[in-house]
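A short write-up of the structure that comes next.
Derivation of every value follows stated rules applied to the coordinates shown; laboratory data play no part. What you are looking at is a predicted structure, and each value in this text was computed from that prediction instead of being measured. Cβ coordinates were reconstructed from backbone atoms using ideal geometry, including for glycine residues, and neighbour counts include every protein chain displayed.
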Amino acid sequence: MRFLPHCLLLLATACVPLGTPIITGTAPGSSAQQAAPEYFADKTLRYKDYVYSPDVKSVQCYVATGTQTEVFLPPVVPLGQGQPVVLEFDVLGSQTQRLTAKLIHCDMGWQPSVLTDMQFLNEINEFLLTDYRTSVGGKVPYYHYRLPVPRVKISGNYLLVVQAPGGVPLVSRRLVVYENQVQVGLRPGIVVGGQERYTLQQLDFVINYSGANLVNPAAEVKVVLRQNFRWDNARYGLAPTFVRDAEQRLDYQYFNFENTFPGLSEYRFFDTRSLLAPGLAVQSIDARATPRAVTLLPETPRGTLAYNQYVDTNGQRVFESREYGDGRSNADYANITFQLAAPAPAPGPVYVLGALTDWQLKDEFRMTYDEVTQRYTGHTLLKQGYYNYSFAVAERGKAPNEAFFEGTHTETENQYDLLVYYRPPGTRTDLLIGYQQIDMNSRQ
């Protein structure tokens, strides 16, 4: 699922620091002027990707490689790498406030470790966000912030938290730093099953620890397997199926679908990089409205359709304005209307899902069903850009069901990565000692 090169020619350039921040305000049409979802009232820090204010929008966390496709890279870096993880986001309003950030070291289960700041940082754990700029030319004013994350001293999981004055969290993002102490072999496997061979994707892997001094690796080495760098459907608790002590190798090959994922379909998409003329999958644009109003073409269920191959971005998005260039500060916000035709209601609430929702079922992305028109509709405020997304059904006690409307196929292109953790005896946290990613059904 790769983004077409010609779609990236106008990606935004780097931000330039503008000086000392000022204080907060509210944009016309912003979600703060509307009835904010109840979860925004709870400012308790979550150890996951989360937004705590309705005015925080368009959050991206990636590795700054200097390439046009850097925004699609997950926040995963080797220890000591010179290319930093970068956090970018907007705060709606015509004024801004003094924002700071900090890092929290976590164990593999994303709970805070007992390490002190100086055990994983070489500097004071408070970073002032001075790289910011105001929006220009749009109907919805905002401030765009950018923060390169400081380098750390040890591998593992880190939670980056941006705070408003008083320590109130605004946004949190997970990032991981790894070492190459072990050799990881991650490869596509063969699904052992009947119909599942056409709907699931299997990943087999081995861990060679001959170059590392590990104590009881069969029990102490822990792994996490992810699809498209998502934490919401990651596979935990995978134990080795074969322990080869003589070869110092752990094999992971399963037969009960423990290491399989629904292949799903290539993601749906829409293009709002221009608000003067409809882009791909856009039905109409009302330029007189404030904010501008964009209605997407009605989508249809794909659950029973054959696989359709095309290039996508694995659920990610890129911000850009084709009229003014710099997507970071020149792209405007618009009210987007999603439409999904459905002859009958789904077995649960229906949501838009993707990187635009942090892979979470959020209230502002919930769809409403109209029995007369037999159609789901949903409305939300989004920045100009090119987006991937899917429709998911929320079922009680289960993970979001994307296959209901999207279908699932073994031919779909997806990215997978494997994280290998180990806690050495006598230490107080989990280290990330191995990492590898592969592309299933690569088009290149």
| Whole-number percent relative contact order across the stretch 268-406, with pairs defined as alpha carbons under 8 Å at least 6 apart | 28 percent
| said: I'd like to compare 196-208, 382-394, 180-192, 278-290: which one has the highest average count of other Cβ atoms within 10 Å, and what's the full order after that? | reply: 382-394, 196-208, 180-192, 278-290
| query | Which net charge results for the neighbourhood of Asp358, defined as the other residues with beta-carbon distances under 11 angstrom from its beta-carbon, given Lys and Arg at +1 and Asp and Glu at -1? | reply | +4
| query | With a sphere of radius 13 Å drawn around the Cβ of Glu126, what net charge do the other residues whose Cβ falls strictly inside it have (Lys, Arg +1; Asp, Glu -1)? | reply | 0
| Lys398: which aspartates and glutamates have alpha carbons under 14 Å from its alpha carbon, excluding same-chain residues fewer than 8 sequence positions away? | Asp232
| request: For an R0 of 35 angstrom, estimate the FRET efficiency from the Cβ-Cβ distance between Gln195 and Val311 and round to the nearest 0.05. | output: 0.80
| message | I need to check one value: relative contact order of the stretch 76-189, counting alpha carbon pairs closer than 8 Å and at least 6 residues apart, in percent. | response | 36 percent
| query | So, in Å, what gap is there between the alpha-carbon centers of the stretch 83-116 and the stretch 213-268? | reply | 28 Å
| message | Between Thr130 and Thr290, what's the calculated FRET efficiency when r is the beta-carbon distance and R0 is 41 Å? Round to 0.05. | response | 0.85
| task | With percent of Cα pairs over 33 Å apart defined as stated, name the option among [x] 43; [y] 37; [z] 53 computed from the structure displayed. | result | [y]
| Cα centroids of the stretch 141-170 and the stretch 333-397: how far apart, whole angstrom? | 29 Å
| Going down the list Lys222/Lys362; Lys43/Lys102; Lys43/Lys153; Lys43/Lys139; Lys48/Lys383; Lys102/Lys222, which pairs span over 25 Å between their C-alpha atoms? | Lys222/Lys362; Lys43/Lys153; Lys43/Lys139; Lys102/Lys222
| task | Please work out the C-alpha center-to-center distance from the stretch 273-308 to the stretch 193-208 and express it in whole Å. | result | 35 Å
| query | Local charge sum around Arg146 (other residues, Cβ-Cβ under 9 Å, Lys/Arg +1, Asp/Glu -1)? | reply | 0
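If contacts are Cα pairs under 8 angstrom and at least 6 residues apart, what is the relative contact order of the chain in percent?
Worked out over the chain, it gives 18 percent.
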